[in-house]
Amino acid sequence: MSVLIDQRDAVLVITINRPEVRNALDAETMAGIGEALVAAEADDSVGAVVLTGAGDRSFCAGMDLRAFAAGGQMVDKSRPGLEVFTDRVYPKPIICAAGGAAVAGGFELLLACDLAVVADHAKFGLPEVKRGLVAAGGGTRLPRRIPLALALELGLTGEIVSAQRVLELGLVNRVVPGTEVLDEAIALAATIAENGPLALRITKQLMVTEAAGMSAAQIAEASAPAFISADAKEGAVAFAEKRKPRWTGK
């Protein structure tokens with residue numbers, strides 16, 4: 001199977017399982033990721049998602065152009081795909097666990113995740129311009145994450161950079177030895193998943209939309225449900241009783 005699913009307590013791990021082609025994305029793989037995310041969104045037992053790639057050579061090499069050139073579909077429009085989390089604010093946190101290189105579409109996939117834990121040997125970049133192409137997804141996400149001049153440098157030079165460099169730029173959260181990437185990402189996701197699901201969803205929505213430019217009135221309107229929720233009351237009671245909260249997501 002090109003996509004593997006494994007739930008570990010409140011964390012759903014989605015693995016791109018095509019190491020023989022550096023985990024490049026064909027139509028079946030993108031649909032597998034999309035369907036897993038749709039199911040996770042509706043599953044109250046899932047608090048956070050980890051997206052990773054099989055092996056230590058590559059997290060994801062982007063689109064599988066060879067499969068497309070051989071007559072395969074680029075996208076299966078009859079099934080959910082990457083747009084489930086790239087074209088909207090997906091309601092649950094997604095952590096990228098990159099145990100290997102993330103270039104071109106693979107780097108864009110990493111940028112679409114909320115947080116990232118990467119291997120110290122991994123390389124990153126948007127080399128599309130070297131092939132006369134445009135990094136559409138990465139080209140729009142990068143300027144929202146880092147200063148324009150730095151985004152332009154990555155996009156216009158097409159240079160491949162180190163894990164340490166993307167950490168310095170603030171594009172990833174943690175750099176660890178390759179053998180520790182998945183465990184570190186799952187631990188981070190588990191810590192996040194312990195918190196109130198409604199509060200997590202609204203906090204993510206607010207932070208992502210604020211980064212894109214959101215008025216104070218819009219922020220107040222979006223956050224209001226969290227303050228009158230059952231989870232808010234449960235959090236206060238649990239704190240007073242010195243116990244772990246029992247979240248309902250309501």
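Please treat every number below as a calculation from the coordinates, not as lab data. Keep in mind the model is a prediction, meaning the values are calculated, not measured. Here Cβ is always computed from backbone atoms with ideal geometry, including for glycine, and neighbour counts include all displayed protein chains.
For the pair region 191-206 and region 75-124, the centres of their Cα atoms are 19 angstrom apart. Amide H to amide H distances under 5 Å link Gly53 with Ile16, Gly99, where only residues 5 or more positions off or on other chains count and H is placed in the peptide plane.
Here are some pairs, Lys77/Lys204; Lys92/Lys250; Lys204/Lys250; Lys92/Lys123; which of them have Cα atoms lying more than 24 Å apart in this structure? Present the calculation step by step, with values, prior to reporting the outcome.
Details: Lys77/Lys204 28 Å; Lys92/Lys250 15 Å; Lys204/Lys250 16 Å; Lys92/Lys123 27 Å.
In this structure, Lys77/Lys204; Lys92/Lys123 lie more than 24 Å apart at Cα.
Taking label points 7 Å from Cα along the Cα-to-Cβ direction, Glu153 and Lys130 give a separation of 1.8 nm.
What full-extension length gain, to one decimal in nm, is calculated for Leu4 and Arg66 as 0.36 nm per residue of separation minus the Cα-Cα distance?
Details: separation 62, 0.36 × 62 = 22.32 nm, distance 2.22 nm.
Difference between extended and current length: 20.1 nm.
Overall size of region 24-165 from C-alpha positions, given as principal axis extents largest first: 41, 37, 28 Å.
Could you give the length gained by full extension between Asp183 and Val89, i.e. 0.36 nm per residue of separation minus their alpha carbon distance, to one decimal place?
On the way: separation 94, 0.36 × 94 = 33.84 nm, distance 2.52 nm.
The span from Asp183 to Val89 would gain 31.3 nm if fully extended.
The amide H of Ser58, built 1.01 Å from its N in the peptide plane, has Ala101 as neighbours under 5 Å, considering only residues 5 or more places off or on other chains. In the chain, what percentage of the DSSP-assigned beta bridges are antiparallel, given to the nearest 5? Percent antiparallel among DSSP bridges in the chain is about 30.
Determine the gain in length on full extension of the stretch Arg145-Glu20; use 0.36 nm per residue of separation and subtract their C-alpha separation, reporting nm with one decimal. Could you put the intermediate results ahead of the total?
Values: separation 125, 0.36 × 125 = 45.00 nm, distance 3.15 nm.
Length difference between fully extended and current span is 41.8 nm.
Between the Cα long axis of helix 181-193 and the first principal axis of the chain there is an angle of about 30°, rounded to the nearest 10.
Tally Lys/Arg at +1 and Asp/Glu at -1 over every other residue whose Cβ is under 15 Å from the Cβ of Arg165; what's the total? Mind dumping the intermediate values first?
Values: positive: Lys123, Arg145, Arg174; negative: Asp120, Glu153, Glu159, Glu168.
Net local charge, Arg165 excluded: -1.
Going out from 0 in 5 Å bins, what whole percent of all Cα-Cα distances in the chain drops into each bin? Each 5 Å bin holds this share of Cα pairs: 1, 6, 13, 17, 18, 17, 12, 8, 5, 2, 1, 0, 0.
Seen against the Cα atoms of the chain and their longest principal axis, helix 216-227 is set at about 60 degrees. Remark on Ala24: its backbone amide H falls under 5 Å from those of Ala61, a criterion applied only to residues 5 or more positions apart or on other chains, H modelled at 1.01 Å from N.
Per DSSP helix of 4 or more residues, -39500 (n - 2.57); summed, then divided by the residues of the chain. What does that give at 222 nm, rounded to the nearest 500? Can you show the working numbers first?
Numbers: 11 runs with 110 residues, N = 250.
Helices in the chain give a 222 nm mean residue ellipticity of -13000 deg cm²/dmol.
Cysteines of the chain lacking any other cysteine beta carbon under 4.7 Å? Isolated Cys, the chain: Cys60. Mind checking the angle between helix 197-211 and the chain's longest principal axis? C-alpha axes, 0 to 90 degrees, to the nearest 10. With rounding to tens, the tilt is 50 degrees.
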